[in-house]
1. For A:I75, indicate whether it is in contact with a Ser or Thr (Cβ under 8 Å, 6 or more places away or on another chain), within 30 Å of B:V49 (Cβ to Cβ) and at the interface with chain B (Cβ under 9 Å from one of its Cβ atoms).
2. Being among the polar types (S, T, N, Q), assigned to a loop (DSSP other than H, G, I, E, B), crowded, with 18+ Cβ neighbours inside 10 Å and facing another protein chain (nearest Cβ under 9 Å), is that true of even one residue in segment A:18-30?
3. Being within 18 Å of the chain's Cα centre (by Cα), modelled with pLDDT of 95 or more and of a type outside the set (S, T, N, Q) is the filter here, so list the residues in segment B:93-107 that pass it.
4. Strands (runs of 3 or more DSSP E) wholly in segment A:98-170 with at least 1 residues that are closer than 29 Å to B:R8 by Cα and open to solvent by 30 Å² or more (accessible area, probe 1.4 Å) - which ones?
5. Filter segment A:54-78 down to the residues that are under 24 Å from A:D29 (Cα atoms) and assigned to a strand (DSSP E or B) and list them by number.
6. Being exposed (fewer than 15 other Cβ atoms within 10 Å of the Cβ) and in a loop (DSSP other than H, G, I, E, B) is the filter here, so list the residues in segment A:31-53 that pass it.
Protein chains: 2
Amino acid sequence: MSIEGLIRAIPDFPLPGILFRDITPLLKDAEGFRHAIDLFVDRFKGSGVQHVVGIEARGYMLGAPLAYGIGAGFIPVRKPGKLPYSKLSESYALEYGTNSLEIHADALQSGDRVVVVDDLLATGGTAAATRRLLERLGAKVEAFAFLIELDALKGRDALPGSEVVSFIRY
Amino acid sequence: MSIEGLIRAIPDFPLPGILFRDITPLLKDAEGFRHAIDLFVDRFKGSGVQHVVGIEARGYMLGAPLAYGIGAGFIPVRKPGKLPYSKLSESYALEYGTNSLEIHADALQSGDRVVVVDDLLATGGTAAATRRLLERLGAKVEAFAFLIELDALKGRDALPGSEVVSFIRY
């Protein structure tokens, strides 16, 4: 089936000039959602990945089912102030300001093999910040996996040396 | 296996006097995570539920794998300003202020049968606001399902007439 047809383009969200790729029509479609998650599962089943790291919040909607599907653990990377325990933080630049991401200090052990999941790769700022968090914990990032990649924004260039998997490219 | 042992109690988070139940040690444990999701899947497989509604953000970590596991669609209820399309909003009171939740106006059709998932039932404020959103769309809430229920806060009383499922009670 075509999952591209279930992704909706919304002009000028969240700011003028940005064409937002809305995956909610895909998520709510039972067949479409299963197919999308299966793309991730088929790619990483048997890869030896022990943990899936999801980036808040749409990364949780895809990353948690992937973890369940391949029998891995799930680790949330969160916006500031959400995690209750000892944690690390990394800042990143947005088109519209700066923000930071956090991970629990005990989320991973040195040498753990992970895949990082988010819905969309744009400039790669959040993915690169996540990689810095994971490197500080000594984890090995096997791959970054996105449902959608926006080629024009060259997000791959922000992740040199890492494998980047995406299933729909604009 | 015991999943209770993988839930961590954090005193005074996010505010003094609140004992926060941290599920991240459970999520990151592959066996524990699978077992927790299987509790939900086993409960709702074959129930005829067509959509799982997850409440931001920990509800996504449990609700999206449940949707995948039972072959349902997934619908996020989100914090304000996150959804890009035409939407409905409902406010609710917190111990520490007020907030609101939003759902896309086209997320469900009248008569759709859903289960609502979050990690924890406390006062029931967010669950009740979610029920109001779903009722405005004409959806039928088959059940609310939580990993954890805090009995002392009587959250069930905020959801009269609804089935409430929880797997760990304090």
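The values are calculated or read from the model by the stated rules, or taken from the named source; none is laboratory data. Quantities reported herein were computed from a predicted structural model and do not represent experimental measurements. All Cβ positions, glycine included, derive from the backbone under ideal geometry; neighbour counts span all protein chains shown. Each accessible area value is taken on the protein alone, full model and side chains, heavy atoms only, with ligands, DNA and RNA left out. Shrake-Rupley method; radii C 1.70, N 1.55, O 1.52, S 1.80 Å.
1. Criteria met by A:I75.
2. Let us first name the residues in segment A:18-30 that are among the polar types (S, T, N, Q), namely A:24.
Then drop every residue that is not assigned to a loop (DSSP other than H, G, I, E, B), which leaves none.
No, every residue in segment A:18-30 fails to be among the polar types (S, T, N, Q), assigned to a loop (DSSP other than H, G, I, E, B), crowded, with 18+ Cβ neighbours inside 10 Å and facing another protein chain (nearest Cβ under 9 Å).
3. B:L101, B:E102, B:I103, B:H104, B:A107
4. Counting at least 1 such residues, we get A:113-121, A:140-149.
5. Correct list: A:G54, A:I55, A:F74.
6. Taking segment A:31-53 and keeping what is exposed (fewer than 15 other Cβ atoms within 10 Å of the Cβ), we get A:31, A:42, A:45-48.
Selection gives A:K45, A:G46, A:S47, A:G48.
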